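Note sheet for the following structure.
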Amino acid sequence: MKTEDQPGLHLEIDSNKLDSKIKSFEYNGNHYLYVCHIDKYSDKPGGHKDDHPDRVKLLVKSFYGKYLNMDISLDEFNTDAFYNRLLKEIDEHLISTEPSY
C-alpha cells in the first residue's frame with residue numbers, strides 16, 4: 001500500500017544512546033514510534049570502546065508490535081535514499097493486520 005502524495009518524513013536524531021527520546025511519525029495513515037541516535041553511549045570525553053560516531057541506530061515500532069531495527073551510515077541518514085529504504089522496509093515488514101507475539 002503506497003500513497004503517492006505522502007508528505008516527506010523527517011526523523012530527528014539524538015546525540016547518543018543515553019539521551020535518546022521516543023518520538024513518532026505517521027506514514028500511510030499508520031503511526032510509528034521510533035528511537036534514533038548516533039551509535040555512541042554518551043558525550044563524555046574519551047568515549048566508549050564500542051562507540052561508532054559515524055553510525056546511526058534506528059528502531060521503529062509499529063502499532064501491531066512489530067519492530068524494524070536499522071543501522072545506517074551517518075552520511076546516509078536523512079537522504080532521499082535513506083527514506084526510500086526506510087519506507088520500503090516499513091511496507092515489507094511492519095504493515096500487518098495481525099499482532100506479533
Residue under question is Ser42, and the condition is that it be surrounded by 12 or more Cβ atoms within 10 Å (Cβ to Cβ), assigned to a loop (DSSP other than H, G, I, E, B), touching a strand residue (DSSP E or B) at 6+ places or on another chain (Cβ under 9 Å) and without any contact (Cβ under 8 Å) to a residue 60 or more places away in the chain; does it hold?
no
So is Lys49 at negative phi and in a loop (DSSP other than H, G, I, E, B) or not?
yes
Tell me yes or no: at least one residue of the range 84-94 is loosely packed, with under 14 Cβ neighbours inside 10 Å, assigned to a strand (DSSP E or B) and touching a residue at least 12 places away in the same chain (Cβ under 8 Å).
no
Got a sec? Which of Glu4, Glu76, Glu26 is modelled with pLDDT under 90, surrounded by fewer than 16 Cβ atoms within 10 Å (Cβ to Cβ) and among the acidic types (Asp, Glu)?
Glu4
So Leu9, is it under 12 Å from the mean Cα position of the chain (by Cα) and at pLDDT 90 or above
no
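Out of Leu68, Leu58, report the one residue that is at pLDDT 90 or above, touching a Cys at 6+ places or on another chain (Cβ under 6 Å) and either more than 15 Å from Leu9 (Cα to Cα) or among the aliphatic types (A, V, I, L, M) (or both).
Details: Leu68 fails: touching a Cys at 6+ places or on another chain (Cβ under 6 Å).
Result: Leu58 is the single residue among Leu68, Leu58 that is at pLDDT 90 or above, touching a Cys at 6+ places or on another chain (Cβ under 6 Å) and either more than 15 Å from Leu9 (Cα to Cα) or among the aliphatic types (A, V, I, L, M) (or both).
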When His37 is evaluated against the numbered criteria (1) surrounded by 13 or more Cβ atoms within 10 Å (Cβ to Cβ); (2) touching a Phe, Trp or Tyr at 6+ places or on another chain (Cβ under 7 Å); (3) closer than 22 Å to Ser15 by Cβ; (4) without any contact (Cβ under 8 Å) to a residue 40 or more places away in the chain, which criterion, by number, is the only one it fails?
(2)
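Could we say that Val60 is of a type in the set (Val, Ile, Thr), in contact with a helix residue (DSSP H, G or I) (Cβ under 8 Å, 6 or more places away or on another chain) and within 24 Å of Glu92 (Cα to Cα) here? Don't jump to the end; show me each part of the working.
Working: of a type in the set (Val, Ile, Thr): yes; in contact with a helix residue (DSSP H, G or I) (Cβ under 8 Å, 6 or more places away or on another chain): yes; within 24 Å of Glu92 (Cα to Cα): yes.
Criteria met by Val60.
The values are calculated or read from the model by the stated rules, or taken from the named source; none is laboratory data. Given the structure is predicted, the values throughout are model-derived calculations rather than measurements. Counting neighbours? That spans all protein chains shown, and the Cβs are built from the backbone with ideal geometry, glycine included.
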